[in-house]
Every structure is written in structure tokens, then in C-alpha cells.
1. Within the set of pairs 6 or more residues apart or between chains, which connect a residue that is buried (at least 19 other Cβ atoms within 10 Å of the Cβ) inside the range 11-37 to a residue that is among the charged types (D, E, K, R) and assigned to a strand (DSSP E or B) with Cβ atoms less than 6 Å apart?
2. Among Gly49, Gly69, Gly55, which is surrounded by fewer than 20 Cβ atoms within 10 Å (Cβ to Cβ) and out of contact with any Cys (no Cβ under 6 Å at 6 or more places or on another chain)?
3. Filtering the range 86-121 down to residues that are closer than 14 Å to Ser146 by Cα and in a strand (DSSP E or B), which residue is nearest to the chain's Cα centre (by Cα)?
4. Checking Ser130 against (1) within 21 Å of Ser146 (Cβ to Cβ); (2) more than 14 Å from the chain's Cα centre (by Cα); (3) open to solvent by 40 Å² or more (accessible area, probe 1.4 Å), which test does it fail?
Amino acid sequence: VSYSPDGKHLASGGGDATVRFWDVRTSTPRHTCKGHKDHVLSTAWSPDGVRFASGDKRGYLMLWDPAKGEALGSVKAHNKWITGMAWEPMHSSEGGKCERLVTSSKDSLSKIWNARTKRCEATLAGHMDSVESVKWGGEGLIYTASG
């Protein structure tokens, strides 16, 4: 579950393999989106609120247009489930474009993705166990934690 940057919308992922975009004011779903084939375990809004990312138990990363409730693409991101994700902060992204995000996984890797091209820009290895959490810091550093 995650709130949009403006706090007006909420998004959730569930065991029914859907992503739902909610109107916080009315507590009703605006869009129920299908595309994942397994439990949606991780969600994150882009800092500008234009894109939304979700990750599932099969290791797929999906990108969404939250205003329309439409999928923008999907990629097999990891060999095991995605445990976390974080977008590059707007102030540190090139031209404030909010195009990059990092994912973490049970496969012991974290990967940096370009949301526009849907390509992996870098793989961060070194953990001996699953990476349970990932954060993209304001100074350009990526923080990961292993379980």
C-alpha cells in the first residue's frame, strides 16, 4: 500500500494479483488493474505521481499510468519475488524526469531500472541472502537491507 505524492490517492496490491488505485476522499477504487499473475507484494509511486510501479511474487515489475489505470509495461525483473522498490528522488533525477527506480528481491539482488525504456541500468550484488528492503536516498545513495 502506498499514497500518491499529493496524498489524494492510494494504491494497493493484493493476493488477487491486482493493483487498485483508490480515491482517498471517497474510499472507493478508481481503477482495478490486472496484469500480474501472482500476489502483488510491493508498490511505489514516482515522486511526480505520473507513474506507479508494482512488483509480484514471480519477480515481475509492472509500470502503470495511475490516472488512467492502464499498464505501461511489464518486465521479468528478478528470479524470485520482489520485496521492495523505491524511485529516484525528483531533485536528484536528471531534469526531474522521475524515470529511474530500484527493486530488491529474494534473489539477493537489487536492480536499477529505467521506467521509460524498461531496461535494467545496473545490478547491485553483494548480499548473501534476500534483500528485504531498499531505499533511494536524497544524496544519490541506494540503501539495502538483507534478512
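The values are calculated or read from the model by the stated rules, or taken from the named source; none is laboratory data. All figures in this text were calculated on a predicted structure; none of them were measured in a lab. FYI the Cβ positions are ideal-geometry reconstructions off the backbone, even for glycines, and counts take in every protein chain you see. In case anyone asks, the SASA skips ligands and DNA or RNA and just uses the protein heavy atoms, side chains included. Shrake-Rupley method; radii C 1.70, N 1.55, O 1.52, S 1.80 Å.
1. Listed pairs, sorted by first residue: Phe21/Arg30; His36/Asp56.
2. Details: Gly69 fails: out of contact with any Cys (no Cβ under 6 Å at 6 or more places or on another chain); Gly55 fails: surrounded by fewer than 20 Cβ atoms within 10 Å (Cβ to Cβ).
After applying the criteria, what remains is Gly49.
3. First, pick out the residues of the range 86-121 that are closer than 14 Å to Ser146 by Cα: 103-110.
Now drop any that are not in a strand (DSSP E or B), which leaves 103-105, 110.
Numbers: Thr103: 7, Ser104: 10, Ser105: 12, Ser110: 12 Å.
Applying the filter and picking the extreme gives Thr103.
4. Among (1) within 21 Å of Ser146 (Cβ to Cβ); (2) more than 14 Å from the chain's Cα centre (by Cα); (3) open to solvent by 40 Å² or more (accessible area, probe 1.4 Å), Ser130 violates only (3).
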